[in-house]
Amino acid sequence: MFIYSNDYGYDKWVAKALDFYANVGDAVVLTSVSGESPNVVLAAKRAKDIGLKVVTFTGKSYENRLKRYGDINFWVDSNAYNIVECLHMMWLTTVVDSVIGKSEYEVSWN
């Protein structure tokens, strides 16, 4: 992060990292409680520009800017940062558990 933020600015570091590390067919997962964090919104725009799928985790306003770029959106109807972040953590942990867990143990969505 430091190299990108130092060279390109804090508002552009995530977007710039996508330029260097994203591959065709990748998806980017972006989180922002408000959905208005400039660096994350710019990264979502850049991801769409280079053809990536975008998954967003937001809260607060239903009409936040980040959510507009999402192919899949996880939104929490709350203004409380701790509530939004805790729900995001549970959702992300569930996804990681189902993907990684398959190699270690049986995972079911039943």
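The values are calculated or read from the model by the stated rules, or taken from the named source; none is laboratory data. All figures in this text were calculated on a predicted structure; none of them were measured in a lab. Methodologically, a virtual Cβ is constructed for each residue, glycine included, from the backbone with ideal geometry; neighbour enumeration extends over all protein chains shown. Side chains are part of the model used for accessible areas, which takes the heavy atoms of the whole protein and leaves out ligands, DNA and RNA. Shrake-Rupley method; radii C 1.70, N 1.55, O 1.52, S 1.80 Å.
Tabulated results
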quantity	calculated
Sites excluded, GluC sites (Glu not before Pro) in DSSP loops with at most 12 other C-beta within 10 Å, longest stretch of the chain	1-62
Pairs of lysine residues in the chain - Cα separation under 25 Å, sequence separation of 8 or more or cross-chain	16
Portion, in percent, of the accessible area of the chain that falls on carbon or sulfur, probe 1.4 Å	57 percent
Mean residue ellipticity (222 nm) of the chain, computed from DSSP H runs ≥ 4 via -39,500 (n - 2.57), nearest 500	-16000 deg cm²/dmol
Percentage relative contact order, the chain, counting C-alpha pairs under 8 Å, at least six apart	19 percent
Low-density loop positions, chymotrypsin sites (Phe, Trp or Tyr not before Pro), the range 31-78 - DSSP coil, at most 14 other Cβ in 10 Å	Y62
Surface accessible to a 1.4 Å probe, per residue, for the residues of the chain, Å²	66 Å²
Coordinate range along principal axes, alpha carbons of the chain, Å, largest first	45, 34, 24
